[in-house]
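Have a look at the structure below, then the notes.
Derivation of every value follows stated rules applied to the coordinates shown; laboratory data play no part. Note that the coordinates shown come from a computational prediction; the quantities given were computed from them, not determined experimentally. So basically every Cβ, Gly included, is an ideal-geometry build from the backbone, and we count neighbours across all protein chains shown.
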Amino acid sequence: MVDFLPCRSVLLLVLGASVALAKDPDVVERIINLSEHPATTANKIYVAGRVATVLRFEQEVDPEQTRMLGWEGWFEPLWVGGKKVVLEPLRDIEPGDRFMLLVTVSDGLEIPFVVTSEQQPLDGRRVADQQVTVIRNLESASAAQASLYESLKRERHLREKVERYEQEDSIDHALAALLAKDATRQTPFREWRKWRLQEGDVEFVVRLFKGNGKAAVVFKITNREDQPWKMKMARLYTVSGWKDKPFAVRTDREAITSGTTGYVAVVADKSAFQDGAEFKDLLLEIYRDDGYRQLFVVLDPALARD
């Protein structure tokens, strides 16, 4: 059964709620080694609107001989001090935009850069350099320190990735993965209610499941818009008290491109509804990649009862 306007149910679903998260760019730290790239080759510096990018050099920078062409109206005035140069765009620039930056260090070496922007191909998300360390001498103390920091950063990212995989290696994540593949018959869940909603050129079919002390919600999303639809995050917490609760979430693809259909599945154990001696309603929120809350679902603990 498909309900277009549900009146009474254990599920309350709202589409297009105007709650937003900040759409910050992805910021990264990089090392540019001039020993590997001739000084005549202009390395690219990636920036994003209202985000400061710091270029750090081994030598003092000459402020009189450091300049950027065509910055007026696009950037804050170039800041040069000590061994650093700071760039801050007034707004986002496009990947096709190019600004020439020439940095001159204390011994007279001129180092050219191309200042532009970069976007991830699937979702159009901005990527910005937070700090760029420019190294000329591979044997210097700065080079050794920068190499150490890079190794530690890679190790930290790998450790975080392993820890995330370990946390997601659970029965609930396995069930969510099956639901995200639309393989509901291979799970212990039975469908409870179903809604179809439309916002612009994106259609949502929302199915609510219960079974064996767990609750599940599956979103079937058909995208007919020109740009891809991608989930930024999901949140689950108590309606009263705003306490975050554990849950499992899986998608069947990274982004739902135009003309395709994808799934987002969420599974919550009965224990997630428990707050002390009481069982409380939970609020499930789904945020799009642009930071806006696309939908939210209020789940009654009766869904997860045995």
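Tabulated data for the structure shown
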| read-out | value |
| --- | --- |
| Amide proton proximity set for Val105, modelled H, under 5 Å, gap of 5+ | Asp62, Ile111 |
| Sequence-distant residues sharing a close amide H with Arg193 (under 5 Å, placed H) | Leu208 |
| Listed residue pairs exceeding 32 Å between alpha carbons, taken from Lys44/Lys220; Lys220/Lys270; Lys210/Lys243; Lys84/Lys243; Lys44/Lys243; Lys220/Lys243 | Lys44/Lys220; Lys84/Lys243; Lys44/Lys243 |
| Whole-Hz couplings from phi, Karplus 6.51/-1.76/1.60, listed for the stretch 206-222; x for Gly and Pro | 10, 10, 10, 10, 9, x, 6, x, 9, 10, 9, 10, 10, 9, 9, 10, 10 |
| Low-density loop cleavage sites - chymotrypsin sites (Phe, Trp or Tyr not before Pro) in the stretch 225-291, where at most 10 other Cβ are within 10 Å (DSSP) | Trp242 |
| Per-residue HN-Hα couplings for the stretch 68-75 [Karplus 6.51, -1.76, 1.60; θ = phi - 60°; Hz; x = Gly/Pro] | 10, 8, x, 6, 4, x, 10, 10 |
| Above-threshold pairs, the threshold being 19 Å between Cα atoms, out of Lys214/Lys280; Lys214/Lys245; Lys245/Lys280; Lys194/Lys214 | none |
| Loop GluC sites (Glu not before Pro), the stretch 238-285, which have at most 13 other Cβ atoms in a 10 Å radius of their Cβ (DSSP) | Glu254 |
| Relative contact order %, the stretch 176-278, counting alpha carbon pairs below 8 Å whose residues are six or more apart | 29 percent |
| Distance between the stretch 240-302 and the stretch 171-220 - C-alpha centres, whole angstrom | 11 Å |
| Residues with amide H under 5 Å from that of Val47, placed H, sequence gap 5 or more | Thr116, Ser117, Glu118, Asp129 |
